[in-house]
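First up is the structure itself, then whatever we jot down about it.
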There are 2 protein chains.
Amino acid sequence: MAAKEHAVDPPRDEAELLARARALAGRRLAEIAADQRVTAPPDLRHHKGWVGQLIERALGATAASRAVPDFIELGIELKTLPVDRRGRPVESTFVCTVPLAEVGEVPWERSRVRGKLAHVLWVVVQGERAITVGDRQVGAALLWRPTAAQEQALKDDWEELAGIIALGDIETITGRLGQFLQVRPKAAHSRVRRRSIDTEGEMIETLPRGFYLRATFTASILQEHFALPGG
Amino acid sequence: MAAKEHAVDPPRDEAELLARARALAGRRLAEIAADQRVTAPPDLRHHKGWVGQLIERALGATAASRAVPDFIELGIELKTLPVDRRGRPVESTFVCTVPLAEVGEVPWERSRVRGKLAHVLWVVVQGERAITVGDRQVGAALLWRPTAAQEQALKDDWEELAGIIALGDIETITGRLGQFLQVRPKAAHSRVRRRSIDTEGEMIETLPRGFYLRATFTASILQEHFALPGG
DNA sequence: ATGGATCCAGTGATGGATCCAT
DNA sequence: ATGGATCCATCACTGGATCCAT
């Protein structure tokens, strides 16, 4: 209930959302947390999603943990992007879980990956472990849509990965596949198994996996927008 | 954690399960609760499943809230049956939720209703509201399998109801249909809606519903076993 | 550097049923 | 009496991601 008392209304449009995100630039996470009557954890080992959820609340995101965009009316997905001192992403970015039954049934155009990445608000945050979580500062915000070239590259990766999964060969997939989009485990721990029906109608049990964007991909997004000629 | 300290091991076989259930006969729910370091609520308005869960723990049931039998290894389902002073059931008995996509695809023989009712341990408990929950006594226990006639009657009802659902006419179903097996709402409240795909591949949103046994059916089960000739 | 492993919070579905207006 | 409405606990899954051994 305490969390509701200072809840932020959903932004009315893109401009308001972007303005709010830019107003966070330069602020320390501890300050933003204080606005919400919460405190920053000492580190993120046991609170891995904390920064993302803090920024969601600060911006008035509505879709808490549901399979819809963070800003439903605007169709915009929020992603925080942890960076090092040079402004380079320090982690890959989780996109969505791999829907075993669906992949192989739907084309790229109707895939969850494309849906999630169609329109993203990237919010840069200091991500070096040497900096206490509360002392980390929010950086730039960027409302992004993939360029035609970026979408083609993601589509190529997706079709390669989806093809393998559709054949029932998900166990052969490693994080080494895919130039920009990769598949890696997404579970509480490696003993987790999830039941599903494959394309042949067979029952299978596998470790749950997710699609992730490699850090090289998100680095290129930041490059394009912030390392302009002469900048 | 406290609940684990006095946890009861799963019964090894039918005989042990039945013996344990019969050992509860005559005991007050408050006594059984005390064994588990819990206390009986004043009434069941806000604790509707409390009695069933108390007896589950007392007997060593393993399948907490999962879509498998309560006693997995034995394939036995536990049902508490609230009765009035004459020993007649005061409520219908919930069997399982209506699986919209599945009904119409599978025959009675592979239906969830038949699976749940194939082997049931009925545990009679006083159910009159005039008696405080803690003061209610456990009654007889009965390990039951449907007779051929009972199964045929349930199958007839199921096929009528499943046929209507398969046609996409679930909204026309009322609790009045079915001689022994009926379909009624099963949800937190009447505004709940659940998405599903019907047999035509259409997206539908309906109030979640469940299959229930009418009290007349469970009354007949008790009759057969406890009102023997000369008894 | 990075691929495999892991952690928390919140939602939705299921299982335990009984309540209550008519 | 009973058909429609309702209530709690638990588990599975998703979404938020980062950790860490190599």
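Every number in this text was worked out from the coordinates using simple rules, so none of it is lab data. Note that this is a predicted model, so its numbers are computed, not measured. Here the Cβ is made from the backbone with ideal geometry for all residues, glycine too, and neighbour counts use every protein chain on show.
Apart from one condition, B:Ile221 fits all of (1) free of Cβ contacts under 8 Å to residues at least 40 places away in the same chain; (2) surrounded by 14 or more Cβ atoms within 10 Å (Cβ to Cβ); (3) farther than 18 Å from B:Gly104 by Cα; (4) more than 11 Å from DNA strand C (Cβ to nearest atom); the exception is (1). Quick one: count up the residues across segment A:158-181 that are of a type in the set (Gly, Ala, Ser), on the phi < 0 side of the Ramachandran plot and assigned to a loop (DSSP other than H, G, I, E, B). The qualifying residues number 1. Scanning segment A:189-205 for residues being closer than 21 Å to A:Val103 by Cβ and within 11 Å of DNA strand C (Cβ to nearest atom) gives a total of 1. Would you be able to say whether some residue in segment A:145-157 is without any contact (Cβ under 8 Å) to a residue 24 or more places away in the chain, assigned to a helix (DSSP H, G or I) and either within 14 Å of another protein chain (Cβ to nearest Cβ) or charged (D, E, K, R) (or both)? Yes, segment A:145-157 has at least one match.
Of all the listed residues (A:Val68, A:Val51), the sole one being under 24 Å from A:Ala15 (Cα atoms) and without any contact (Cβ under 8 Å) to a residue 12 or more places away in the chain is A:Val68. Checking each residue in segment A:73-97 for being β-branched (Val, Ile, Thr) and within 12 Å of DNA strand C (Cβ to nearest atom) picks out A:Val90, A:Thr93, A:Thr97. A single member of A:Arg195, A:Arg184 is touching a Gly at 6+ places or on another chain (Cβ under 8 Å), within 11 Å of DNA strand D (Cβ to nearest atom) and either of a type outside the set (Ser, Thr, Tyr) or not in a loop (DSSP other than H, G, I, E, B) (or both), and it is A:Arg184. Evaluate the following for B:Val68: is it β-branched (Val, Ile, Thr), closer than 27 Å to B:Arg193 by Cα and near DNA strand D (Cβ under 10 Å from one of its atoms)? Yes: the conditions hold for B:Val68. Scanning segment A:112-120 turns up at least one residue that is assigned to a loop (DSSP other than H, G, I, E, B), over 19 Å from A:Gln53 (Cβ atoms) and touching an Asp or Glu at 6+ places or on another chain (Cβ under 7 Å).
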